[in-house]
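Comments concern the structure below.
The values are calculated or read from the model by the stated rules, or taken from the named source; none is laboratory data. Given the structure is predicted, the values throughout are model-derived calculations rather than measurements. Here Cβ is always computed from backbone atoms with ideal geometry, including for glycine, and neighbour counts include all displayed protein chains.
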Amino acid sequence: MQENVNLKQSIKAQVIITGAGRGIGFDLCEVFSELGHEVIAISRSEFPVSRSPLITSIKADISNPKPIVQEIEKRFLATDIDLRILVHNAGVLINKPFTDFSADEIATMYNVNYLSPLLLTQSLVPWLGVVPAAHVVYIGSMGGFQGSEKYPGLTIYGSMKAAGANLMEGLAAEYRDTTLRFNALSLGAVDTVMLRTAFEKEVPSVDIREMTNYISRFSLEAFRVVNGQNMPVTLRNP
């Protein structure tokens, strides 16, 4: 608890979180707001609006970044802050045999897990770069972490998440001489609706608040010493 208090006192951040309608994204919004940071929560569907005055909810399709950027710039006009954070949390997981996927299902997973984060980051780079520091964090999966154990049915999902993590590595190199930082967190199993929907059998998982506390601390602090990394976050060996 003391660590969270210190984070609240030491840094002032504006945070954008995609996939905020449920699960990790929704809980991340709560964690950041509890720490005193302004949050824009982006979801493609309606979701419960938090009571926190620090959270602004935007219903939007992240594959169309222009209106999102306009809304962000309108709401976050002030630049007298220490850090801007963009968390690419939105994701689609479909668990089925490789040959059973339709072209539409593959396109949906590609758009949400890779293309949309790319386009949103590209659109927000100028806005992110006008403050002392910015940290872009891509929420990946151990299924996309090189050398990790792989599972039948998750081949396409894992490959999309690997591409997203690689995007962060490339952007870190491209912007290494700026104040922008890019990292990926490859999560193991977390107790969310998406996980329970994708797997019929019970999968050992981490409590969602434990994970969102970790992600928030990483987002707020790791940019000082970490850049261009894809880091495993799991209780199991890769």
- Determine, yes or no, whether residue 96 is within 23 Å of residue 187 (Cα to Cα) and out of contact with any helix residue (DSSP H, G or I) (no Cβ under 6 Å at 6 or more places or on another chain). yes
- With a cut-off of at least 1 residues that are of a type in the set (Ser, Thr, Tyr) and either within 30 Å of residue 152 (Cβ to Cβ) or in contact with a Cys (Cβ under 6 Å, 6 or more places away or on another chain) (or both), name the helices (runs of 4 or more DSSP H) lying wholly within the range 17-128. 103-110, 116-128
- When only residues in the range 154-189 that are of a type in the set (Lys, Arg) and not in a strand (DSSP E or B) count, which is surrounded by the fewest Cβ atoms within 10 Å (Cβ to Cβ)? 176
- Message: Taking the conditions exactly as written (closer than 29 Å to residue 221 by Cβ, at pLDDT 90 or above and more than 17 Å from the chain's Cα centre (by Cα)), does residue 104 satisfy them or not?
- Response: no
- Item | Failed item, numbered, when residue 7 is tested on (1) at pLDDT below 90; (2) surrounded by 16 or more Cβ atoms within 10 Å (Cβ to Cβ); (3) under 19 Å from the mean Cα position of the chain (by Cα) | (3)
- Does residue 151 count as touching a residue at least 60 places away in the same chain (Cβ under 8 Å) and not in a strand (DSSP E or B)? no
- Message: I'd like the residue in the range 115-130 that is surrounded by 19 or more Cβ atoms within 10 Å (Cβ to Cβ) and among the hydrophobic types (A, V, I, L, M, F, W, C) and, out of all such residues, is nearest to residue 185 (Cα to Cα).
- Response: 120
- Output for Cβ contacts, cut-off 7 Å, separation at least six or different chains, first residue under 12 Å from residue 182 (Cα atoms) in the range 122-135, second part of a helix (DSSP H, G or I) and of a type in the set (Ser, Thr, Tyr), reads 135/219
- Could you figure out which of (1) of a type outside the set (Lys, Arg); (2) modelled with pLDDT under 95; (3) within 19 Å of residue 92 (Cα to Cα) isn't true of residue 210? (3)
- Task: Scan the range 129-148 residue by residue and report those that are of a type in the set (Phe, Trp, Tyr) and part of a strand (DSSP E or B).
- Result: 138
- Kindly indicate whether residue 43 is at pLDDT 90 or above, over 24 Å from residue 179 (Cβ atoms) and small (Gly, Ala, Ser). yes
- Query: Out of the residues in the range 131-149 that are loosely packed, with under 14 Cβ neighbours inside 10 Å and of a type outside the set (Gly, Ala, Ser), which is nearest to residue 77 (Cα to Cα)?
  - Reply: 132
